[in-house]
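Chemist: First, the structure itself, so that you have it in front of you.
The values are calculated or read from the model by the stated rules, or taken from the named source; none is laboratory data. This structure is a prediction, so every number in the text was calculated from the model and none was measured. As a convention, Cβ positions derive from the backbone with ideal geometry for all residues, glycine included, and neighbour counts pool all protein chains shown.
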Amino acid sequence: MRRLLLVLAVLALFASACSSSSDTDPLVGIRASTDPAVGDDRLLFAVHEIGGTRRGGPDEVVTVIASPLDAPNVELEAEATYVWIVPGAIGLYLANVPFDRAGIWQIDFSISTDEPTEPFLVDIQAEPATVALGEPAPLVETPTVLTDPIEDLTTDSEPLTSLYEMSLDTALTNDRKTVVIFATPAYCTSAACGPMLEQTKTMASDYPDVDFLHVEVYGGFNEPGFEPDVAHLVPAVVAFGLPTEPWVFVMDEEGVVIGRFDGVLGDGEIEFLLAS
Amino acid sequence: MRRHTIIRTKFVLLVAIVVAIIASGCSASTSTEGAVFGIVTEVTGDLSGVESFVVLDEDGNSHKFVPSQKLEVMGQAPTHLRDHVLSGEPVTVLYHENSAGELVADEVTGEMSADT
């Protein structure tokens, strides 16, 4: 009997050694921002249990403290808000952290449930891959309904015609603010394109003094044998240097970039820029 | 006395075998192919393709993969991995290890593999 107990004890010991997860596993943060750079203050991230369960929601308040690895005494604190990508289904946390130096930053976060958390790292680039805040937007000609049927301009199943009536280069030089969204609802690599385009369409009717444009990421999508590959990227996507999609850029009356948003739009982010 | 010695020897052997079996079961696989189930935590690359991606498994271990030439992610281009960063939907990566020691992702599915 004692021997049997000994064997069982050995089994239990090894079983516990095999499993490293436990109830005390910390929550992990996952960076979702795709082109973070100096001058940005937008940090998108997800919160996960190590077992894979996505966490977070409007009721779980998250606060972040960001510190450069080479200057840990610098601490930037911000409360994150939960932003839905697909309302009620998929969302991310958005924190406004004024990253002011390039390099690796450590993001510590706490959650209102008081569960333990594990910091994550963000590599802040000196210059973004996309057009930076304060830079003039590239003057790129884009096709419009004046030259092409709308079916060839968008993969949106319910397009808003006004988003395709003006070329981007015209919009950027007409002394009006411009909002351009780069998204491809039919070929999007994420579920974010459709919702972001819908948000933009809704805003377009609220701001008649602003030019809203939608630019598809790929051209020739109605041609036989089309593949959403690099050979089909439209010139505007290349000129703006997009590493991912969807993206929204906001330009002032001079055509200078005053806002750049990847993946998801928080409440009031664009409205704030259009009101100022 | 001799009978006791034989029984003790058998018992020690039994414990050794049990320990060896369990140890082999929970140690990291040393084979050159395998499967990992977890969440995608990082994707490097751009719209033209994926250079590498990282999966965090259920034990909290991170695995970095490079895509194979013909990698499809649930029937889509590897750039679809970005969606899994946003959505948090877990993936299973079937991989092999190349001569450089890199884990090469051969297949990515949305289901938990029996191998994981």
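Chemist: Going through the stretch A:219-252 one residue at a time, which ones are touching a strand residue (DSSP E or B) at 6+ places or on another chain (Cβ under 6 Å) and over 17 Å from A:CYS188 (Cβ atoms)?
Modeler: A:PHE249, A:VAL250, A:MET251, A:ASP252
Chemist: Here's another thing I want to ask about it. Could you check B:SER87 against (1) crowded, with 21+ Cβ neighbours inside 10 Å; (2) without any contact (Cβ under 8 Å) to a residue 40 or more places away in the chain; (3) farther than 26 Å from A:PHE226 by Cβ and say which number it fails?
Modeler: Answer for B:SER87: the failing condition is (3).
Chemist: Could you grab the pairs with beta carbons closer than 8 Å, sequence gap of 6+ or different chains, first residue in the stretch A:21-50 and facing chain B (nearest Cβ under 8 Å) and free of Cβ contacts under 8 Å to residues at least 40 places away in the same chain, second one of a type in the set (S, T, N, Q) and surrounded by fewer than 21 Cβ atoms within 10 Å (Cβ to Cβ)?
Modeler: These pairs meet every condition: A:ILE50/A:SER21.
Every residue, every condition in (1) at pLDDT below 95; (2) polar (S, T, N, Q); (3) surrounded by fewer than 16 Cβ atoms within 10 Å (Cβ to Cβ), yes or no:
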position	(1), (2), (3)
A:ASP148	no, no, yes
A:THR154	no, yes, no
A:SER162	no, yes, no
A:ASN174	no, yes, yes
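Chemist: Output the residue which, of all residues in the stretch B:60-100 that are more than 10 Å from chain A (Cβ to nearest Cβ) and of a type in the set (Val, Ile, Thr), is farthest from the chain's Cα centre (by Cα).
Modeler: Out of the qualifying residues, it is B:VAL66.
Chemist: Sticking with this structure for a sec: List the number of the failed condition for A:ASP35; all other conditions in (1) on the phi > 0 side of the Ramachandran plot; (2) at pLDDT below 95 hold.
Modeler: For A:ASP35, the failing item is (1).
Chemist: Could you identify the single residue in A:VAL248, A:VAL180, A:VAL234 that is β-branched (Val, Ile, Thr), in contact with a helix residue (DSSP H, G or I) (Cβ under 7 Å, 6 or more places away or on another chain) and farther than 22 Å from B:VAL85 by Cβ?
Modeler: Going through A:VAL248, A:VAL180, A:VAL234 in turn, the sole match is A:VAL180.
Chemist: What pairs can you find where one residue is in the stretch B:51-76 and assigned by TED's automatic domain parsing to the domain that holds B:GLY38, the other is among the polar types (S, T, N, Q) and assigned to a loop (DSSP other than H, G, I, E, B), and their Cβ atoms are less than 7 Å apart, with a gap of 6+ or different chains?
Modeler: Once the first residue is assigned by TED's automatic domain parsing to the domain that holds B:GLY38 and sits in the stretch B:51-76, its partners that are among the polar types (S, T, N, Q) and assigned to a loop (DSSP other than H, G, I, E, B) give B:GLU58/A:SER21; B:ASP59/A:SER20; B:ASP59/A:SER21; B:GLY60/A:SER20; B:GLY60/A:SER21.
Chemist: Here's a follow-up. Going residue by residue through the stretch A:192-201, is there one that turns out to be in a strand (DSSP E or B) and in contact with a Ser or Thr (Cβ under 9 Å, 6 or more places away or on another chain)?
Modeler: In the first step, residues of the stretch A:192-201 are kept if they are in a strand (DSSP E or B); the result is none.
No, there is no match, as no residue in the stretch A:192-201 is in a strand (DSSP E or B) and in contact with a Ser or Thr (Cβ under 9 Å, 6 or more places away or on another chain).
Chemist: Restricting attention to the stretch A:166-191, which residues are over 30 Å from B:VAL40 (Cα atoms) and assigned to a loop (DSSP other than H, G, I, E, B)?
Modeler: A:MET166, A:SER167, A:LEU172, A:THR173, A:ASN174, A:ASP175, A:ARG176
Chemist: Within the group A:ASP100, A:ASP35, which residue is of a type in the set (Asp, Glu) and more than 30 Å from A:GLU165 (Cα to Cα)?
Modeler: Working: A:ASP35 fails: more than 30 Å from A:GLU165 (Cα to Cα).
Unique residue meeting the criteria: A:ASP100.
Chemist: Specify the residue that is farthest from the chain's Cα centre (by Cα); the eligible residues are those in the stretch A:221-273 that are in contact (Cβ under 8 Å) with a residue 60 or more places away in the chain, assigned to a helix (DSSP H, G or I) and more than 25 Å from A:VAL38 (Cβ to Cβ).
Modeler: For the stretch A:221-273, the residue satisfying everything is A:PRO235.
Chemist: Pick out, from the stretch A:73-137, the strands (runs of 3 or more DSSP E) lying fully within it that include 1 or more residues that are free of Cβ contacts under 8 Å to residues at least 60 places away in the same chain and surrounded by 16 or more Cβ atoms within 10 Å (Cβ to Cβ).
Modeler: Counting at least 1 such residues, we get A:76-86, A:90-96, A:103-111.
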